[in-house]
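Encoded as structure tokens, the structure appears first; notes follow it.
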Amino acid sequence: MLDTILIILLSFFFITCAGPKAKNNSENEVNYGSKANRKISNNLNEIELNLSVVKKVLPNGLTVILMENHHLPIFSYYTFYKVGAVYEQKGITGSAHFLEHLMFKGTKKYPPGSFDKVIEGNGGHNNAYTTLDLTVYHEVLPIKVMDQIIEVEADRMQNLLLEPEAFEKERSVILEERKLRYENSAKGQLFQKMLEEVYVNTPYGGSVIGSVEDLKSVTRDQVYKFFKDYYAPNNAILVVVGDFEAGDVLNSIEKFYGGISASPQVEPTIISRSDPKLFRHQGKYKRDVKIKGEAPEPIFAYAFPSVKIGDRKGFVLDLLGDILAGGESSYLIQKMVKNEAPLLQSVDVSNYSLNKSGTFFISGELLKGKDLNVVKNSLTKYLKSACRDAINEREIIKTKNKYMVSFFKKLETNAGLASFLGAYEVNFNNTDFYKKEFEIIESITPNEVANVCRELFNNINGGLFVSVWNKHAK
Amino acid sequence: MQNRFLFFFLLIILSLNSYASLSEKIEKFVWDDLEVVWIKDNRFPTYALTVYFADGALSDNPAFMGETEMMFNLLTSGSNKYSQKQISDTLDFYGASIDTQVTHEYSSMEVSGLVKDVVPTMQMVCHLFNNANYPNNEIKNYKEHSLSALDGIVINHSALANRIFREVSLENTPIVRPTEGYKATIKKIMQSHLRQKLDYFNRQVSKRVYLVGPDTLDVVKKVLLDDCGWSGMSKKEMFKRTVEIKKNEESGEQIIYLVPVPNANQAQIRIGQFLTKSEASEENLMQLSASFLGGGFSSKLMQELRVKRGLTYSASAYASAQKNYGRSGISTFTKNETIKEAFNTIKLVLDDVSRGKFLEDEFQLVKYLAEVIYLDMNKMVIL
């Protein structure tokens, strides 16, 4: 009898504990409001997101953003360093990106190769990227290695070895990467040239990859100084999303990062780059720039000045870009790609906003045998007529629906959430800024979009037309 | 005796509970002989609906290779009721995306968007499956774009290397022909071919539907059965592609193709082979081997080529199987001056690995990575 009771009790115990169940606690899971309240609306302001974020700034300046998401027993770990090519000068261009590579080359405690073993040996994956404004490191791992990752990341924030032999090997690797992304890529050449011309005489005027001369000459000591100056807790934001208890993770972060000193170089650099005049547009527009490159048919970028992240006009330009080329029914695709006598293989519109400035550009690729001048003239004509013909209430609703889809897609994974939260924290010091963004987008009217369109295409001196073609003169 | 019964009862409950907790969010239905697999996800008001078709580019007449892919790509180009502009305007208005993928043995189409608009979106999709008529001007337009894109491959040396490698490594197999076709075959595809192909895929090819989205997605059942007319589409008598591919046995022969590209400053390297069904049958072992050779940064090729010697930015290995065949290969690139060193390094790695000259902990690391990723992906799909 006693045995029977024991077995029954044990069975209840195992029924409740067995199996690799994920917690399905909707309070701790990202979702679109409670089930009862899940009305589906066309209005962005009626979206209710359950994003519960813990934020703390440590005494050394490190900003920590944590979000519990118990959907799966994994986590994403994002480190945003607020340093990119914008902090470089002639002679050390490419250093931010070079350093991104070198961050995987080991510390005293975690020698070369051990970082990859920690990540991959635990079933995770990681990567990093560098932009004009930022360098971001990210990984996805099972939750059981959280403490180890915090320790490893904190260690490489302060104790990077930068051994000379590894430095030289990585120099060779980056020179090969440069060929892959720029020298052998017509689109890479196009984009790089466009940015150089648009941002000439501003801190954004260099390339992220760096010039060949600088890549070949930059020294280990120069890059090490760059590391010590800018890889510091007071220049970093840590975002962690996953299946953990925020209090425990915060304790661990404070334990491993708390002793790292702030860098005294960060604030003077920020101050030296805070004057908006440094970033005012000085590019010469209303002209053509032609590059001889690896494109059998011309590819182009037609660039116009735009505004920095967060400016209301930037949101209007986002909508305009989508109306112009954001789907098969969009204006330029119908006029130049899908029409009876198409001129273009493809066309795209981007409002490329940075921390201090922006550029709005139309890019495309010509179909075989089409004339570049004819294309440019047609494009200019259609951009002007778009302001009158392409913008109406239906098009605005269309872009809002697409915006809503892409918004929710970002939130499906921990990595998407971490990237989403980190971007808002970096740019606005506020992870809730998306609510403000919804308000702005909802308030934009067809008239406002049309006015910005006319301002850009009708009244100014024209854009900067950059093209790459193997038949352009060298 | 009673205790033993209870003990085994406990074990059964244990295993059932374990299984139930893993599969609780996957539901399988048969809607009037249409198989549906639904992963319930109530987190967001979005959906993804994927239709799997049990046939692909192997159904193409070799003279018109590319017709299946063209048929799917031009599905939204016009119907007996709507123009391309009207169709794309409707789909864009609902924020819907349609992505199609054609392989040799199967095809798939994913429709995604906001749940609030799934009915009108899928009604449009079903209308197209039954009424798309492939206007000639749209076909002409598509051909112009495709041919222009194919001409552009020559400047993308990586894509060019992939294309050439495909041709030489799959020679004399039915899968040597790329799913998008060749310039010569694309030019020959006519409206009648596309309409016949659509009719074939719509009415004769076996289908299964995969749904990801909230409970409210059940509205799509009526659309699939009534508007698409896909009742009975998973019955066994519906067509499913099977193919037997034999390899030309040239045991031990290694063939090297050198393709000169004027002014290239990097060399693309592709090494590999075609695998028959029996050679590709041990899928887990193949994936493990590929990861060990050229998966992440800790893989042998990345360590030897990039980390230790700085010869390349990337090196990868793959070994994958379709239903009836597989492929294995290594892909990397290096500057012209170090081609010989790169080759010697790859050879060294392959020789060492094939002789078991690697550390046990190197192997355990990759094994664990494969195991955890597999479990992780399972969990991500199921939960």
At q = 0.06, 0.08, 0.09 Å⁻¹, what base-10 log of I(q)/I(0) does the Debye formula yield for the protein assembly as shown when every alpha carbon is treated as an equal point scatterer in vacuo? -0.45, -0.84, -1.11
Per the C-alpha gyration tensor (a ≥ b ≥ c, the square roots of its eigenvalues), the range A:381-428 is rounded if a/c is under 1.5, else prolate if a/b beats b/c, else oblate; here it's prolate
Quick one: if you stick a label point 7 Å off each Cα along the C-beta vector at A:ALA341 and B:LYS183, how many nm between them? 2.5
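Which whole number gives the average count of other chain Cβ atoms within 10 Å of the Cβ atoms across peptide B:358-364?
Averaged over the peptide's residues, the number is 1.
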Highest first, please rank the peptides A:374-383, B:44-53 by the mean number of other Cβ atoms sitting within 10 Å of their residues. B:44-53, A:374-383
Wrap a convex hull around the Cα atoms of the range A:353-474, take a quarter of its surface area, and give that in square nanometres. 11.1
Cα centre as origin, Lys/Arg/Asp/Glu Cβ charges: chain B dipole, Debye: 280
Testing the spin-label approximation: label points 7 Å from Cα along Cα→Cβ at A:GLN89 and B:ASP199. State their distance in nm. 7.4
Calculated from DSSP helices alone, with each H run of at least 4 adding -39500 (n - 2.57) and the total divided by the residues of the protein assembly as shown, [θ]222 nm to the nearest 500 comes to -13000 deg cm²/dmol
Run the dipole for the range A:375-474 about the Cα centre, Lys and Arg Cβ at +1, Asp and Glu Cβ at -1, nothing else charged, and hand back the magnitude in debye, nearest 20. 720
Grab the Cα-Cα distance for B:ASP151 and B:PHE239, subtract it from 0.36 nm times how many residues apart they are, and report the gain in nm with one decimal. 28.1 nm
Using 11 Å as the cut-off for backbone N distance, which residues of the range A:70-102 belong to the label zone defined by a point 7 Å from the Cα of A:ILE271 along Cα→Cβ? none
Residue (of B:VAL259, B:VAL125, A:HIS472) at the positive-pole extreme of the protein assembly as shown, dipole from beta-carbon charges: A:HIS472
Take every residue in peptide A:333-340, count the Cβ atoms of other chains within 10 Å of its Cβ, and give the average of those counts. 3
Largest-first principal axis extents of the Cα set of the range A:282-332 (Å): 37, 34, 17
Of A:VAL426, A:THR445, A:LEU411, which is farthest along the charge dipole of the range A:388-451 in the positive direction, counting Lys and Arg as +1 and Asp and Glu as -1 at C-beta? A:LEU411
In sequence order, calculated HN-Hα J values of the range B:321-327 (Karplus, 6.51, -1.76, 1.60; Hz; x Gly/Pro): 10, 8, 5, 10, 7, x, 9
What does the charge dipole of the protein assembly as shown about its Cα centre add up to, to the nearest 20 debye, if the Cβ of each Lys and Arg holds +1 and the Cβ of each Asp and Glu holds -1? 1940
May I ask you to give the percent of accessible area on the protein assembly as shown that is carbon plus sulfur, with a probe radius of 1.4 Å? 53
Average beta-carbon neighbours from other chains, 10 Å sphere, peptide B:93-104: 3
Compute the distance in nm between two label points, each set 7 Å from the Cα along the Cα-to-Cβ direction, one at A:ASN392 and one at A:ALA473. 4.7
To the nearest Å², the heavy-atom accessible area per residue of chain A with 1.4 Å probe amounts to 42
For chain B, return all DSSP H helices satisfying: extent of Cα atoms along own axis at least 15 Å; mean Kyte-Doolittle hydropathy at least 1.0. B:2-23
Which part of the range B:189-203 falls in the paramagnetic zone of B:GLU144, meaning amide N under 19 Å from the point 7 Å along Cα-to-beta-carbon? B:189-191
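The values are calculated or read from the model by the stated rules, or taken from the named source; none is laboratory data. Not measured: the values here are computed from a predicted model. Positions of Cβ are generated from backbone atoms using ideal geometry, with glycine treated the same way; all protein chains shown enter the neighbour counts. Areas reflect the complete protein model, heavy atoms only, side chains present, ligands, DNA and RNA absent. Shrake-Rupley method; radii C 1.70, N 1.55, O 1.52, S 1.80 Å.
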